[in-house]
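Let me begin by presenting the structure, written as structure tokens, before commenting on it.
The values are calculated or read from the model by the stated rules, or taken from the named source; none is laboratory data. Just so we're clear, the structure is a prediction, and the values are computed from it rather than from any experiment. Ideal geometry is used to build each Cβ from the backbone, glycine not excepted, and the neighbour counts take in all protein chains shown. Side chains included, ligands, DNA and RNA excluded: accessible areas come from the protein's heavy atoms. Shrake-Rupley method; radii C 1.70, N 1.55, O 1.52, S 1.80 Å.
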Amino acid sequence: MSNQALRSAYAVIVIGAGLGVLTTGALLAKAGKQVLVVEKEQHPGGFIREFRHGPYIINPAIHSIMGCNPAGPLGQGVIDAVLEHLGVQDQCQFIRVDPFYRAQFPDFRMDVPLGRDAFLDAYLHHFPGDAEGLRSLVDLCSASFQEAMQFPAVPRWQDWLLMPFRSPKIFRNATSTLAAVLDRYLSDSRLKSVYAVLYPYLALPPSRLSFFLWSIMMASYIEQGAYYCQGGFQNMAAAFAEGVTKHGGELILEMPVKNIRVAGGKVQGIELQNGQEVDAPAVISNIDVRTTFQDLIEADQVPTSYLRKINDLEPSASVLGLFLATDLDVQALGIPKVTLLSSWDLEDAYTAALHGNPKSAAVHVPTVIDDTLAPPGEHLVIIQSFIPAESARLSPSASAAYAESLLDLAEQVLPDLREHITFMVGASEEEQQKYPLQRLGPIYGWANSVGQAGPRRLPYKTPVSGLYLAGHWTQPGSGVWTVVLSGVNAARYAIGKDMSQAIWPLDL
Ligand SMILES: Cc1cc2nc3c(=O)[nH]c(=O)nc-3n(C[C@H](O)[C@H](O)[C@H](O)COP(=O)(O)OP(=O)(O)OC[C@H]3O[C@@H](n4cnc5c(N)ncnc54)[C@H](O)[C@@H]3O)c2cc1C
């Protein structure tokens, strides 16, 4: 792959090779458009890029995804449908992650399986008193998912008017937080914490998290399945990249876009870091929307009201984590791929983490389902918790305390982990910190709050004519499944398809 554009003009240029626009680029190429994808890093994939450290393959920013199922109670998964359409399905295999996760509290633990009935059975075993509420909640998530998939990608005014009749579940809960809905359906406060312990997958605690986004995520994971990409998620990025090039699109790597050229409020093309100018009537940006508008475009080409709107939005939290390998006999310990540990008060645990004192963490051991990621006899362990989106670096002592807290939490499932560390990302002889924390984020673009969910996120279309957004800074939201959907919709825009069509079945 080169790091020069081969032509001086394209039908569409996409900026960044995250899963959002890799989807767009591949679909446009398959539709016969001359498309150029420009990525600043050495490999495509954005957040799903892996790091290789000798024999260790580490996916720091992706743990499970949904939408990879060829069939299921809610139909074919979006990712499976796109890979099939692109003819690259055989480039990556997905492993079903079942049990999906373990919920672990100070005096309680429970493994949560996939599948509606198995999921309910597991909960009812521990919380029989809330059986009716639990069943209703699971059914509500499922109905919301189905309504969301039937909703137009870009609703017209009449779609909003008809929403109470066509999408009654979403309409009723559109402005509800997860906490509000839990209060409506469940009475046992411990059950509410156990059920909501997956909130880190949307990076906001129940009191602020959009129930709409939660319902889509839960229905999709529980009923369609949670998946890990065999050999690491770089294989999935490579499959989407192959989807671009095999259909005649161009992908250039290690070449940042320096400017988006705009004149008279209309996009003209881009300028690459190497000075090459490339023209296109349509540009789709996958990168941080603040960078897109504040750094890559002349300020006088963007309405100030739009810049103000971007400034007013809240980014999602970031994470701090440790990436290590251990020679502990993890299989003998019987732990699942993901354990979500927390104190009972999820709100307090989230806030404590933001203040540098994590009382909750996700402990991922991907090697329990894919032993190709580490040498024989070793397991990878990723331990992560939250910090504010763009806070200053922690002082060495605060950083050390944070890392020790993460290890204390992890030792609840991996006893004596500290004595069994065989490798640690970032560790070196000169390294001052014993356990070097790695920072990532904002992990989901904008925070997944009620006011920034679904259609309340920035639209695909921007005030600059010909400039569109894809990825987790735009609709419908964050996470791999969702950004693939955003990539589909951005491609539909660029091809000139009817955006008032339902999201599903995908109009590719
Ligand atoms: C710690 C963590 C855990 C996560 N866990 C999960 C999970 O388990 N499941 C899940 O579904 N989601 C998870 N996510 C979220 C998910 O990874 C993201 O929502 C999704 O991958 C974002 O994709 P994107 O296409 O929007 O953009 P990105 O992946 O951010 O891609 C943007 C791309 O643009 C490139 N770029 C930036 N600037 C330029 C420039 N000037 N020129 C050219 N290229 C540029 C970047 O290098 C990057 O490749 C997690 C995220 C994090 C950080």
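Take residue 7 and decide whether it is more than 12 Å from the ligand (Cβ to nearest atom), more than 24 Å from the chain's Cα centre (by Cα) and among the charged types (D, E, K, R).
Taking the combined requirement at face value, the residue satisfies it.
Residue 466 passes all but one of (1) more than 30 Å from residue 111 (Cβ to Cβ); (2) crowded, with 21+ Cβ neighbours inside 10 Å; which number fails?
Status for residue 466: all satisfied but (2).
Check 271, 298 and return the single one that is free of Cβ contacts under 8 Å to residues at least 40 places away in the same chain, in contact with a Lys or Arg (Cβ under 7 Å, 6 or more places away or on another chain) and over 27 Å from residue 424 (Cα atoms).
After ruling out the rest, the residue left standing is 271.
Looking at region 70-115 only, could you name the residues that are out of contact with any Asp or Glu (no Cβ under 6 Å at 6 or more places or on another chain), open to solvent by less than 10 Å² (accessible area, probe 1.4 Å) and in a loop (DSSP other than H, G, I, E, B)?
Scanning region 70-115 gives 77, 92, 97, 100.
List the pairs whose first member sits in region 193-217 and is without any contact (Cβ under 8 Å) to a residue 12 or more places away in the chain, whose second member is open to solvent by less than 10 Å² (accessible area, probe 1.4 Å), and whose Cβ atoms are under 8 Å apart, counting only residues at least 6 apart or on separate chains?
Final answer for the pair search is none.
Here is a check on your reading of the model: is residue 418 outside any loop (DSSP other than H, G, I, E, B), open to solvent by 10 Å² or more (accessible area, probe 1.4 Å), more than 21 Å from residue 66 (Cβ to Cβ) and within 12 Å of the ligand (Cβ to nearest atom)?
no
Can you pull out the residues in region 58-97 that are within 16 Å of the ligand (Cβ to nearest atom) and of a type in the set (Val, Ile, Thr)?
The answer is 58, 62, 65, 78, 79, 82, 95, 97.
Among the residues of region 249-268, which ones are of a type outside the set (Asp, Glu), part of a strand (DSSP E or B) and within 16 Å of residue 21 (Cβ to Cβ)?
Within region 249-268, 251, 252, 257, 260, 267 qualify.
Taking only region 71-113 into account, find how many residues are at pLDDT 95 or above and under 17 Å from residue 135 (Cβ atoms).
2
Count, please, the residues in region 30-69 that happen to be under 20 Å from residue 86 (Cβ atoms), part of a loop (DSSP other than H, G, I, E, B) and more than 21 Å from the chain's Cα centre (by Cα).
The qualifying residues number 4.
For region 252-270: of the residues being at pLDDT 95 or above and more than 11 Å from the ligand (Cβ to nearest atom), which is surrounded by the most Cβ atoms within 10 Å (Cβ to Cβ)?
Per the stated criteria, the residue is 267.
Would you point out the residue of region 12-57, among those that are within 14 Å of the ligand (Cβ to nearest atom) and basic (Lys, Arg), that is surrounded by the most Cβ atoms within 10 Å (Cβ to Cβ)?
49
Residues are listed down the side, and each one gets a yes or a no for (1) within 16 Å of the ligand (Cβ to nearest atom); (2) out of contact with any Leu (no Cβ under 7 Å at 6 or more places or on another chain); (3) within 27 Å of residue 450 (Cβ to Cβ); (4) in the same structural domain as residue 294 (by TED's automatic domain parsing):
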site: 325; (1), (2), (3), (4): no, no, no, no
site: 329; (1), (2), (3), (4): no, yes, no, no
site: 337; (1), (2), (3), (4): yes, yes, no, no
site: 343; (1), (2), (3), (4): no, yes, yes, no
site: 348; (1), (2), (3), (4): no, yes, yes, no
site: 353; (1), (2), (3), (4): yes, yes, yes, no
site: 363; (1), (2), (3), (4): yes, no, no, no
site: 374; (1), (2), (3), (4): no, no, no, no
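State yes or no: is residue 479 within 23 Å of residue 339 (Cβ to Cβ), within 15 Å of the ligand (Cβ to nearest atom) and either in contact (Cβ under 8 Å) with a residue 24 or more places away in the chain or open to solvent by 30 Å² or more (accessible area, probe 1.4 Å) (or both)?
Yes: the conditions hold for residue 479.
Here are some residues: 400, 389, 362, 427. Which one is assigned to a helix (DSSP H, G or I) and either over 22 Å from the mean Cα position of the chain (by Cα) or among the aliphatic types (A, V, I, L, M) (or both)?
Exactly one residue qualifies, and that residue is 400.
Under 8 Å by Cβ, and 6 or more places apart or on different chains, what pairs join a residue from region 127-142 that is without any contact (Cβ under 8 Å) to a residue 60 or more places away in the chain and hydroxyl-bearing (Ser, Thr, Tyr) with one that is assigned to a helix (DSSP H, G or I) and open to solvent by less than 70 Å² (accessible area, probe 1.4 Å)?
136/185
Could you grab me the full set of residues in region 432-474 that are assigned to a loop (DSSP other than H, G, I, E, B), within 16 Å of the ligand (Cβ to nearest atom) and among the polar types (S, T, N, Q)?
Scanning region 432-474 gives 448, 462, 474.
Buried (at least 20 other Cβ atoms within 10 Å of the Cβ), more than 30 Å from residue 355 (Cβ to Cβ) and more than 15 Å from the ligand (Cβ to nearest atom): does that describe residue 333?
The answer is no for residue 333.
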